[in-house]
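Nothing in this text is a laboratory measurement; each read-out follows from the coordinates by a stated rule. Everything numeric here is computed off the predicted structure, so don't read it as measured data. Methodologically, a virtual Cβ is constructed for each residue, glycine included, from the backbone with ideal geometry; neighbour enumeration extends over all protein chains shown.
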Amino acid sequence: MRGTGQLVNGEAVIELPEHFGLVTNDQRLTVQLTCLDECNGLRIVQKNAKRIVVKELLGGKSNARFDYLVQGVRKGYENHQVIQDKVSK
């Protein structure tokens, strides 16, 4: 899941689509942020499969734009090993 968001007075809420939350484990999310405008930096203050809350560092109140990338592990595949050893017969 990716897109562009914008702070409003130093805070933004990214609402994720319902289908993402239905198939994604809340505990295995990774969120990457890239600020596109001048600001004090960004941090994630809340993340789950429904929404991501972003705030500007140092109490900043800018209206900076940012790109985001949200990745998660699919429910039921938390322990899935992507690369498996080849078994000889």
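Shape of the chain from its Cα gyration tensor (a ≥ b ≥ c, root eigenvalues): rounded if a/c is under 1.5, otherwise prolate when a/b > b/c, or oblate?
Prolate.
Run the simple label-point estimate for Glu18 and Gln81 please: 7 Å along Cα→C-beta, distance reported in nm.
The two pseudo-label positions are separated by 3.8 nm.
Please report the relative contact order for segment 1-81, taking Cα pairs under 8 Å with a sequence separation of at least 6, and give it as a percent rounded to a whole number.
46
Go ahead and collect, in residue order, the members of segment 3-32 whose backbone nitrogen is under 17 Å from a label point 7 Å along the Cα-Cβ direction of Gln71.
Label zone hits: 3, 24-32.
Treat the count of other C-beta atoms within 10 Å as a stand-in for reagent exposure and order Val70, Val13, Val87 from fewest to most.
Val87, Val13, Val70
Which net charge results when you count Lys and Arg as +1 and Asp and Glu as -1 among the other residues whose beta-carbon is under 15 Å from that of Asn25?
+3
Tell me, what HN-Hα J-couplings in whole Hz come from the Karplus equation 6.51 cos²θ - 1.76 cosθ + 1.60 at θ = phi - 60° for each residue of segment 45-50, using x for Gly and Pro?
Along segment 45-50, the couplings run 9, 8, 8, 7, 6, 9 Hz.
When the helices in the chain are scored as -39500 (n - 2.57) per DSSP H run of 4 or longer and the sum is shared across all residues, what 222 nm value do you end up with, to the nearest 500 deg cm²/dmol?
Taking each H run of at least 4 residues, the total per residue is -1500 deg cm²/dmol.
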